[in-house]
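Undergrad: First the structure, which I've put down as structure tokens, then a few questions once you've had a look.
Just so it is clear, none of the values below were taken in a lab; they were calculated from the coordinates. These numbers come from a predicted model, not from an experiment. Positions of Cβ are backbone-derived with ideal geometry, glycine not excepted, and every protein chain shown enters the neighbour counts.
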Amino acid sequence: MKTINNTSNFISDEETFVTIGTFDGVHFGHQKIIEKLVFEAKKAEKKSVVLTFFPHPRMVLQKDASVKLINSIDERAQLLEKTGLDYLIIHPFSVEFSRMTALEFVKDILVNQLNISKLIIGYDHHFGKNREGNITQLTEYSHVYGFEVEEIPAQDIDEVAVSSTKIRRALESGNLKTANRYLGYHFMLNGIVVTGKKLGGKIGYPTANIHIEESYKLIPKTGVYIVKSVNENAVVFGMMNIGNRPTVDGNYQTIEVHFFDFNQDLYDKKITVELLYFLRDEQKFDSVDLLVNQLKKDEENTKMYLKNNL
């Protein structure tokens, strides 16, 4: 897969099959659309293209700092690369771009820049200024400019409507099982390992403190999670705490992972942590000794879960 920033940088004499969307989460429903796109493009000997946007339109149009996304843009690209796509185009979303009419978008972007042969879109897709464009207009424009349009009905994507909104709500409420089922993969956090207060090491549970650089990245509900990571080419498991560390009077949120049977230096390295299971809520204990006792129980429960589910 080749990643291109801005549609104006896309240059190809070959005709393309295209799908469009923000694709936050690249969830099960998205994957079905993209699988269809890749399959049909290969069958027709055309190039498959996903056109996505960044920043998220709500960040630009509503100046909404509270918008939280399931994936960072790098994670989105990483997930899309696994689909067998030929091209991922990440187009900058701006106020100016949002004012482009549906006709201008089709003519200037899809036809003139992407050399479109077929557009495959999900159910109820809208686009263009004030979201004026819909399947009816797309069909009309397709006859004028000579490309096909195929809309995938909701029931073909999933019997239960999968949506990024549902997944976000599941993650925020600690319902990781539902979120992962809708995603079709384990929700992940990507971040840089930074120096913490090193309290974990003093109580026998050293942790990697993860700093998430993207402020828009959704952080799930506070609590303890069973996690998996690939560090130094080795698959490792552990338990992760998201929270304010109330037992030691913490006053800001941290993300700390204790890996089992792993003691290599991860400082300043970027790691990916997959969340497998929500173990328990964060608690405040009356003493550090009681906290350690709970961590031992968490370790036992985590290893039992891994033994039974791997």
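Undergrad: Antiparallel DSSP bridges in the chain: what percent, to the nearest 5?
TA: The answer is about 55 percent antiparallel.
Undergrad: I want to check the label-to-label distance for Ser163 and Lys297. Put each point 7 Å from Cα in the C-beta direction and report it in nm to one decimal.
TA: 3.8
Undergrad: GNM, the chain, Cα, under 10 Å: largest mean-square fluctuation among Ser164, Ser229, Ser66?
TA: Of Ser164, Ser229, Ser66, the Gaussian network model singles out Ser66 as fluctuating most.
Undergrad: May I pose another question? Taking springs between alpha-carbon atoms closer than 10 angstrom, which of Ile109, Ile212, Ile34 fluctuates most in the Gaussian network model of the chain?
TA: Evaluated over the chain, the most mobile residue of the options is Ile109.
Undergrad: Given the rule -39500 (n - 2.57) for each run of at least 4 DSSP H residues, summed and divided by the residues of the chain, what is its mean residue ellipticity at 222 nm, to the nearest 500 deg cm²/dmol?
TA: -8500 deg cm²/dmol
Undergrad: Compute the relative contact order of the chain as a whole-number percentage, counting only Cα pairs closer than 8 Å that sit 6 or more residues apart in sequence.
TA: Over the chain, the number comes to 16 percent.
Undergrad: Same structure, new question: Please work out the Kirkwood hydrodynamic radius for the range 160-310, using every pair of different C-alpha atoms, and report it in angstroms with one decimal place. Don't jump to the answer; show the numbers that get you there.
TA: Numbers: mean 1/r = 0.0628 Å⁻¹.
Every distinct Cα pair counted, the radius reaches 15.9 Å.
Undergrad: Let me check I've understood the local charge: for Ile90, count other residues with C-beta under 12 angstrom from its C-beta, Lys and Arg +1, Asp and Glu -1. What total comes out? Present the calculation step by step, with values, prior to reporting the outcome.
TA: Details: positive: Lys2, Arg76; negative: Asp74.
Neighbourhood net charge equals +1.
Undergrad: Work out, step by step, the length gained on full extension between Val230 and Asn244: first 0.36 nm times the residue separation, then minus their alpha carbon distance; give nm to one decimal. Don't jump to the answer; show the numbers that get you there.
TA: Numbers: separation 14, 0.36 × 14 = 5.04 nm, distance 2.58 nm.
Here the segment from Val230 to Asn244 would lengthen by 2.5 nm.
Undergrad: Report the full-extension gain for the segment Thr139 to Leu290: residue separation times 0.36 nm, less the Cα-Cα distance, to one decimal in nm.
TA: 47.9 nm
Undergrad: Here's another thing I want to ask about it. Show me the three semi-axes of the equivalent ellipsoid for the range 2-162, from the C-alpha gyration tensor (sqrt of 5 times each eigenvalue), largest first, rounded to whole Å.
TA: Taking √(5λ) for each eigenvalue gives 21, 19, 17 Å, largest first.
Undergrad: Next up: What relative contact order, as a whole-number percentage, does the range 186-309 give when Cα pairs under 8 Å and 6 or more residues apart are counted?
TA: 31
Undergrad: Bin width 10 Å, alpha-carbon pairs only: give the P(r) of the chain as whole percents, running from 0 to the bin holding the largest distance.
TA: 5, 24, 29, 20, 13, 7, 1, 0
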